[in-house]
């Protein structure tokens, strides 16, 4: 039984929510990634174009772009 309560600020709750979502999904759409990181879709697309964000490989040029969260986690583990 949990006897201690934890109180989070709104900012802490949003950060925790973002981390839980990112930890459990292998891919995120550009729109979802932008919303979670509090960025614009334009900035996210620019980061993809510059090679700063990894994406899931596309079979066709017009396929929807998905951010590869597995690659981001793997890179982060190398830093630790």
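Considering only the stretch 42-51, I want to know if a residue exists there that is out of contact with any strand residue (DSSP E or B) (no Cβ under 6 Å at 6 or more places or on another chain), part of a helix (DSSP H, G or I), touching a residue at least 40 places away in the same chain (Cβ under 8 Å) and loosely packed, with under 12 Cβ neighbours inside 10 Å. First the steps, then the outcome.
Step one: list which residues in the stretch 42-51 are out of contact with any strand residue (DSSP E or B) (no Cβ under 6 Å at 6 or more places or on another chain), which gives 42-47, 49-51.
Remaining after also requiring part of a helix (DSSP H, G or I): 42-47, 49.
Next, only the ones that are touching a residue at least 40 places away in the same chain (Cβ under 8 Å) stay: none.
Within the stretch 42-51, none of the residues are out of contact with any strand residue (DSSP E or B) (no Cβ under 6 Å at 6 or more places or on another chain), part of a helix (DSSP H, G or I), touching a residue at least 40 places away in the same chain (Cβ under 8 Å) and loosely packed, with under 12 Cβ neighbours inside 10 Å.
Condition check for residue 68 on (1) surrounded by fewer than 14 Cβ atoms within 10 Å (Cβ to Cβ); (2) out of contact with any helix residue (DSSP H, G or I) (no Cβ under 7 Å at 6 or more places or on another chain): one failure, at (1). Pairing each residue of the stretch 52-63 that is assigned to a loop (DSSP other than H, G, I, E, B) with any residue that is modelled with pLDDT of 95 or more and loosely packed, with under 10 Cβ neighbours inside 10 Å, provided the two are 6+ apart or on different chains, yields no C-beta distance under 7 Å. Taking the stretch 3-38 as the range and being surrounded by fewer than 14 Cβ atoms within 10 Å (Cβ to Cβ) and not in a helix (DSSP H, G or I) as the test, the residues that pass are 3, 4, 5, 6, 7, 8, 9, 26, 38.
The values are calculated or read from the model by the stated rules, or taken from the named source; none is laboratory data. From a predicted model like this one, the values you see are computed outputs, not experimental measurements. Using ideal geometry, Cβ is built from the backbone for each residue, glycine included, and neighbour counts are taken over all protein chains shown.
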